[in-house]
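Notes to accompany the following structure.
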Amino acid sequence: MAMTINELAQACGATLEGGNAEQIITAANDISSAQVGQVTQLTQARYRHHLLNSLASACFIATDFEVQNVPESLTLLRCDDPEMAFVKAVKLLHPDTIYPATIVIQAVISESAILHEGCYVGAFAVLNDGVEIGVNSQILAGVYLGKNVKIGKNCRIHPYAVIYDDVEIGDNVIIHSGAVIGADGFGYKFRNGQHVKVPQIGNVVIGDNVEIGANTCVDRGALGSTVIGSGSKIDNLVQIGHNNKIGQHVIICGQAGISGSCTIENYAILAGSAGVADHVKIGQGAVVMARAGVANDVVPKTQVFGSPAKEKRVAYREQVALSKLPDLLKTITQLEMRLEKLENTKT
């Protein structure tokens, strides 16, 4: 979608400074590579130098952000929150693909499935008995929905996602390709020299405004529900075990793994490759840093690091101490040699 800088400013609540307000903007780009006809953003002083020789036609910038020697062809779009204004601009200039209310003939849909107004179902999607799809939701090509799956309104399930029986999904949920929601939890009992599977008869319940990344797996509860709270965002390649209770507005980054029966409270953050043992509670607003291994509960609003994970400052001090260990060992060896020499001299 194309629009003038003036139209873009009005849509995003920005005021104009310099440049040509009638210049047509067709795309958004980052500040280091934006070209003529594109809009960018400047929110950090360390990127200020990119603005001096920028070919961009417009740039979102904070009202009080001071810059000098701005190119004459560049219009500054002054606003209180340039990051969110830029996000809005990106959505306007690069709108999502629109799927019309259509059921493609190649889709396989049970007679008992219920599809509300405005739904789209793509080719080779499979909707089993008892499935219900809310208003304006989109089920793209090759998606598999098991029995009694309930999906709210304005959802988008991307190609080849698999959603097992009895999963409940709220409104405005996005599930990306290859995600598997509701597979059996990893539960076994060791008897008579073998691992005996424990039946997994629960389900998964996903709140509103949740996004789940590609190739992420969320296992069903063994008896009750695995729960993902409203507003939570889960990256690609994440494993969430059975019976976990993920709170609201939680962030879980790529390759994180959460064992069974954990509680992740509201606004917690799990950084990339974090691992959480079973039956652990991570408090509200806590941050588990990258590659941390969590074996015990984490206090709310703390940051933990390392494996086993410890409070960040403690873990960093230990890391510094470990880095000095080779020099310390060398010093000890030298002291031992001197002591041995002294002892030999006395004899």
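None of the figures in this text is laboratory data; all of them are computed from the coordinates on show. The model shown is predicted, which means the values in this text are computed figures rather than measured ones. Here the Cβ positions follow ideal geometry from the backbone for every residue, glycine too, while neighbour counts run over all protein chains shown.
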Of all the Cα-Cα pairs you can form in segment 204-299, what percent are over 20 Å apart?
20 percent
When only Cα pairs under 8 Å and 6 or more residues apart are kept, what is the percent relative contact order across segment 108-313?
10 percent
Computed over the chain, the relative contact order (Cα-Cα under 8 Å, seq sep at least six) in percent reads 6 percent
Please list the helices of the chain that count as membrane-span-like by this rule: a mean Kyte-Doolittle hydropathy of at least -1.0 together with Cα atoms stretching 30 Å or more along the helix axis, each helix being a complete DSSP H run.
325-346
Final fewest-first order of Arg78, Arg46, Arg291 on the 10 Å Cβ neighbour count is Arg46, Arg291, Arg78
Tell me the Rg and the Dmax, in Å, that the Cα atoms of segment 30-187 produce.
22.3, 67
Calculate the radius of gyration of the Cα atoms of segment 161-250 to one decimal place, then report Dmax, the largest Cα-Cα distance, as a whole number, both in Å.
13.4, 48
With no solvent and one equal point scatterer per Cα, compute the Debye intensity ratio I(q)/I(0) for segment 108-313 at 0.11, 0.13, 0.18 Å⁻¹ and report its log10, rounded to two decimals.
-0.51, -0.68, -1.14
Compute a Gaussian network model of the chain, connecting alpha carbons closer than 10 Å, and tell me which residue from Cys12, Cys262, Cys119 fluctuates the most.
Cys12
Semi-axes, largest first, in whole Å: what does sqrt of 5 times each Cα gyration tensor eigenvalue give for segment 3-93?
17, 14, 12
With Gly152 itself left out, Lys, Arg at +1 and Asp, Glu at -1 over residues whose Cβ is under 10 Å from its Cβ give -2
Can you put Val198, Val39 in order of Cβ neighbours within 10 angstrom, beginning with the fewest?
Val198, Val39
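Taking the Cβ of each residue in His242, His158 as the centre, tally the other Cβ atoms inside 10 Å and list the residues starting with the fewest. If you can, show how the numbers build up before the last one.
Numbers: His242 26, His158 20.
Sorted ascending by nearby Cβ count, the order is His158, His242.
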In whole Å and largest first, what semi-axes does the C-alpha gyration tensor of the chain yield when each eigenvalue is scaled by 5 and square-rooted?
44, 39, 15
